[in-house]
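Here the structure is laid out as structure tokens; the discussion comes afterwards.
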Amino acid sequence: MRVLALVPGETETQLSFFPIINQIKDGFENAEVSVVAAPSATAIYQLSKGVSEVVPYRFGASNSPADWANLLGIVRDREFDVVLTLTDSWSIALLLWLSGVPTRLGYSGSANNRLLTATVPRSPGADHPSDLLKLINLSGPPPALSVNVPRKDLSAVDAMRQGVGLVSGYVLIYPGATASGTTYPTESWIAILKDFQQRQPDLPLALLQTDDAAPQTPAIASAVPGLKILRPETPGQTAALIAAANLLVAVEGYPLALAIALNVYTLGLFAGDRAALPSAPGQDRLVVLTSSTGTLADISPDEVLKKIWSEAA
């Protein structure tokens, strides 16, 4: 059976879909799963063994008629048996109706109700879109989030760590942006790292510099002597760097989800009500610190450090 999933959203959203892919693969012998995702998020599927093909597509209004027609041609050519869409737009619903895919499934909505073959109400607060799978007779909770790190990325990270003198474990921070675009203050990161250096002078400290973390990195690096800057080039390298850490301190984002999947001790900083985190082996190694005001910047360095050292005691 050939299955297509249309999954809008950035990297963290795509990661949360991994268990659904695995549930389909487990439920149907010889199932082949393809995914349509935003171009900026397709690379994360390098960490999934369950996906046969990833098609980049911008789900926003910026698509040209040529982009839409190209996607329609791809869907027609692949001759899918089932399509799952997490969208509710007239353009996608019409595309799927024209594609000829016999089983078209999605959430209830004006467009989907008219042009898909079956829909279900969107469950508020659901961890995963597993309710859609009930339409193809797959029930039960999805498996835990798991990722597969390519061997070439493991080798590249070994060389990267040796290049900066990281021969054993380290504390890793991720000063990136949350899904809403907010960041934890640079001066707060500096205070946290300096406290680590004072209490554990022999414990290496490292910063995970993704594109989101790049704006804060120079100021943090200049204020914290000896801080190792790690610049992964692929999601696999990001995962491998996280896997080698003793502790990750991170704002809400896909590195935090990777740490849970990789069973790494993690302190997650959240602005307020947090999205449901993926079920994974490392869930019990996650400690969450949530702002009492709903503002990420209001989590003081003292609160972070108190939480870290109390857990370490």
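Where strands (runs of 3 or more DSSP E) fall entirely within the range 167-262, those with at least 1 residues that are surrounded by 15 or more Cβ atoms within 10 Å (Cβ to Cβ) and hydroxyl-bearing (Ser, Thr, Tyr) are at 171-174. Yes or no: ASN70 without any contact (Cβ under 8 Å) to a residue 60 or more places away in the chain, within 30 Å of ALA240 (Cα to Cα) and open to solvent by 60 Å² or more (accessible area, probe 1.4 Å)? No.
Is it fair to say LEU247 is out of contact with any helix residue (DSSP H, G or I) (no Cβ under 7 Å at 6 or more places or on another chain) and touching a residue at least 60 places away in the same chain (Cβ under 8 Å)? Against the criterion (out of contact with any helix residue (DSSP H, G or I) (no Cβ under 7 Å at 6 or more places or on another chain) and touching a residue at least 60 places away in the same chain (Cβ under 8 Å)), LEU247 qualifies. Give the range 85-116 a look and list any residue that's of a type outside the set (A, V, I, L, M, F, W, C) and touching a residue at least 40 places away in the same chain (Cβ under 8 Å), or say none. Across the range 85-116, the qualifying residues are THR85, THR87. Restricting attention to the range 121-130 and to residues that are open to solvent by less than 60 Å² (accessible area, probe 1.4 Å) and over 16 Å from VAL3 (Cβ atoms), the residue that is modelled with the lowest pLDDT turns out to be ALA126.
Within the bounds of the range 270-279, is there any residue that is assigned to a strand (DSSP E or B) and either on the phi > 0 side of the Ramachandran plot or at pLDDT below 95 (or both)? The answer is yes; a qualifying residue exists. Does PHE28 qualify as being closer than 20 Å to SER130 by Cβ and touching a Phe, Trp or Tyr at 6+ places or on another chain (Cβ under 9 Å)? So PHE28 fails the test.
The values are calculated or read from the model by the stated rules, or taken from the named source; none is laboratory data. What you are looking at is a predicted structure, and each value in this text was computed from that prediction instead of being measured. Glycine gets a Cβ as well: all are built from the backbone with ideal geometry, and neighbour counts include every protein chain shown. The protein model used for the area step is the full one, side chains on, heavy atoms only, and it has no ligands, DNA or RNA in it. Shrake-Rupley method; radii C 1.70, N 1.55, O 1.52, S 1.80 Å.
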